[in-house]
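Mind having a look at this structure? Questions to follow.
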Amino acid sequence: MGWISPGRLNRLGMLNMNRRNVDYIARYNERSAYPLVDNKLKTKLAVAEYGVKTPKLLQVVQQQHEISHFREMAEDLGGFAIKPAKGSGGKGITVITGRDQDNYVKASGARIGSTELQRHLTNILAGLYSLAGTPDVAIVESLVESSPALAKYSYQGVPDIRIVVFRGYPVMAMLRLATKASDGKANLHQGAIGVGLDIGTGRSLNAVQFNRPVTLHPDTGLAIENIRIEAWDQMLEMASRCYEATGLGYMGVDLVVDANEGPLLLELNARPGLAIQMANGRGLLPRLRTIEDLKRPHFTPQDRAEYAMESFATS
């Protein structure tokens, strides 16, 4: 991919960071709603009232003395995930997929002992991973078992789906696939693959890694062109419901497809990145303006999801 002029990017309808910050985040996101989406525990409680499922909450560790209770609770668990409530970018998340005698097995295959997990919880409480370095709480959730249809495309980590929602309408989506380069995490900046998804069908469009086109997963060797997300209309409606739950006009909704539970919400982001445009090969601006120009907005999440599927389908 060679150099492209700002003028051409504008003609392609690409949303840049300044315009995103001023025209969409600042204009449509009330500052009072930020603490709700910047805290995973508050997010879980808020979206539950609107019928949006999340991974099962097993324990909340708020004080140092509660870490001993975690050790007792974890004894009978095969797998779980520990997350800082106020963490961002996947920092501080530890995923345990099984046990090996007295050790816990991480998603990467590495073994760690109970003492290391307790130290990690202490670091979370101290705010090592929180957005502002302030004291935090740790949440322990049930392990997400990715749908086999998607898991085969990802390297170790659970693939997730990012949907950008504007004024309650899903406007653009991508699938994020972990790679060896990204250390098994679905983080595009670290080398995960972003796969653009057709809003109308949930089918893959094209894919990028480090902002360059790819057709095969570098680690699994599988072609990326024939992926289709299960329960797509349900996922779009879930994403749309998060608008009522938070009041945020512009946000990123991160979902996974669990093998047993179906679509689940992982987290919300009040400042979603712009790489989704590269993955889709098209800009956000035309779709955002379509929603802004609506004379009669749709009042239910289902209606908004259906409108998006009809209006923004690309195949």
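Counting other C-beta atoms within 10 Å, and keeping those with at most 16, which DSSP coil GluC sites (Glu not before Pro) do you find in segment 105-177?
GLU145
Using amide H atoms built 1.01 Å from N in the peptide plane, name the residues 5+ places from PHE166, or on other chains, whose amide H lies under 5 Å from its own.
Counting only residues 5 or more places away or on other chains, the set is VAL171.
Turning to a different aspect of this structure: HN-Hα J couplings of segment 137-148 from phi, Karplus 6.51/-1.76/1.60, θ = phi - 60°, integer Hz, Gly and Pro as x?
Once θ is set to phi - 60°, the couplings for segment 137-148 become 10, 9, 10, 10, 10, 5, 6, 7, 9, 4, 3, x Hz.
Along segment 120-132, what does the Karplus equation 6.51 cos²θ - 1.76 cosθ + 1.60 (θ = phi - 60°) give for ³J(HN,Hα), rounded to whole Hz, x for Gly and Pro?
Taking θ as phi minus 60°, the curve returns 5, 4, 4, 5, 4, 4, 6, x, 4, 10, 6, 4, 10 Hz for segment 120-132.
Sticking with this structure for a sec: When Lys and Arg each count +1 and Asp and Glu each count -1, what net charge do the other residues less than 12 Å away from GLY51, Cβ to Cβ, add up to?
-1
State whether segment 105-259 is rounded, prolate or oblate according to the following rule on the C-alpha gyration tensor (a ≥ b ≥ c being the square roots of its eigenvalues): a/c under 1.5 gives rounded; otherwise a/b larger than b/c gives prolate, and the remaining case gives oblate.
Because a/c hits 1.5 or more and a/b fails to exceed b/c, segment 105-259 counts as oblate.
Which one of THR134, GLN59, MET73 has its Cα pushed farthest toward the positive end of the charge dipole of segment 57-142, where Lys and Arg give +1 and Asp and Glu give -1 at the Cβ?
THR134
Under a 5 Å amide H to amide H cut-off, with H placed in plane at 1.01 Å, what residues pair with ASP160 once short-range neighbours are removed?
HN-HN under 5 Å from ASP160: ARG176.
How large is ³J(HN,Hα) for each residue in segment 231-236, as worked out from phi by the Karplus curve 6.51 cos²θ - 1.76 cosθ + 1.60 (θ = phi - 60°), to whole Hz, x for Gly and Pro?
6, 4, 5, 5, 5, 5
Now, a different point. Quick check: net charge around VAL140, other residues with Cβ under 14 Å of its Cβ, Lys/Arg +1 and Asp/Glu -1?
-1
Which label belongs to the value computed from this structure, given these candidates for Rg/Rh (Cα atoms, Kirkwood Rh): [x] 1.00; [y] 1.05; [z] 0.97?
[z]
Moving on to the next point. Using only the Cα atoms of segment 254-315, build the gyration tensor, take square roots of its eigenvalues as a ≥ b ≥ c, and label the shape rounded, prolate or oblate: rounded if a/c is under 1.5, else prolate if a/b is larger than b/c, else oblate.
Judged from the Cα gyration tensor, segment 254-315 comes out oblate (a/c at least 1.5, b/c at or above a/b).
While we're looking at this one, here's another question. Please give the charge dipole size of the chain, origin at the Cα centre, charges +1 on K and R Cβ atoms and -1 on D and E Cβ atoms. Round to the nearest 20 debye. Display every interim value, and only then the final one.
Details: 36 positive and 32 negative charges, 247 e Å.
I would put it at about 1180 debye.
On to the next question. Between helix 301-311 and the chain, what is the angle of the helix's C-alpha long axis to the longest principal axis, kept within 0 to 90° and rounded to the nearest 10?
Compared with the principal axis, the helix lies near 50 degrees.
What is the sum of charges, Lys and Arg at +1 and Asp and Glu at -1, for the other residues whose Cβ falls under 13 Å from the Cβ of THR220?
Around THR220, the charge tally is +1.
Using a simple charge model, +1 on the beta-carbon of Lys and Arg, -1 on the beta-carbon of Asp and Glu, nothing else, what dipole does segment 57-142 show about its Cα centre, in debye to the nearest 20?
I would put it at about 340 debye.
Same structure, new question: Taking every pair of Cα atoms in segment 178-315, average 1/r, invert it to obtain the Kirkwood radius, and report Rg/Rh to two decimals.
0.96
Using all C-alpha to C-alpha distances in segment 57-142, build P(r) with 5 Å bins and read off the rounded percent in each one.
3, 16, 28, 26, 18, 7, 1, 0
Something else about it: Have a look at VAL105, VAL22, VAL253 and tell me which one the Gaussian network model of the chain (Cα, springs below 10 Å) gives the largest fluctuation.
The residue with the greatest mean-square fluctuation here is VAL22.
Running a GNM on the chain with Cα contacts under 10 Å, which residue among ILE67, ILE276, ILE82 ends up with the highest mean-square fluctuation?
ILE67
Every read-out reported here was derived from the displayed coordinates using simple, explicitly stated rules and does not represent laboratory data. As the structure is a prediction and not an experimental result, all values here were calculated from the model. Glycine gets a Cβ as well: all are built from the backbone with ideal geometry, and neighbour counts include every protein chain shown.
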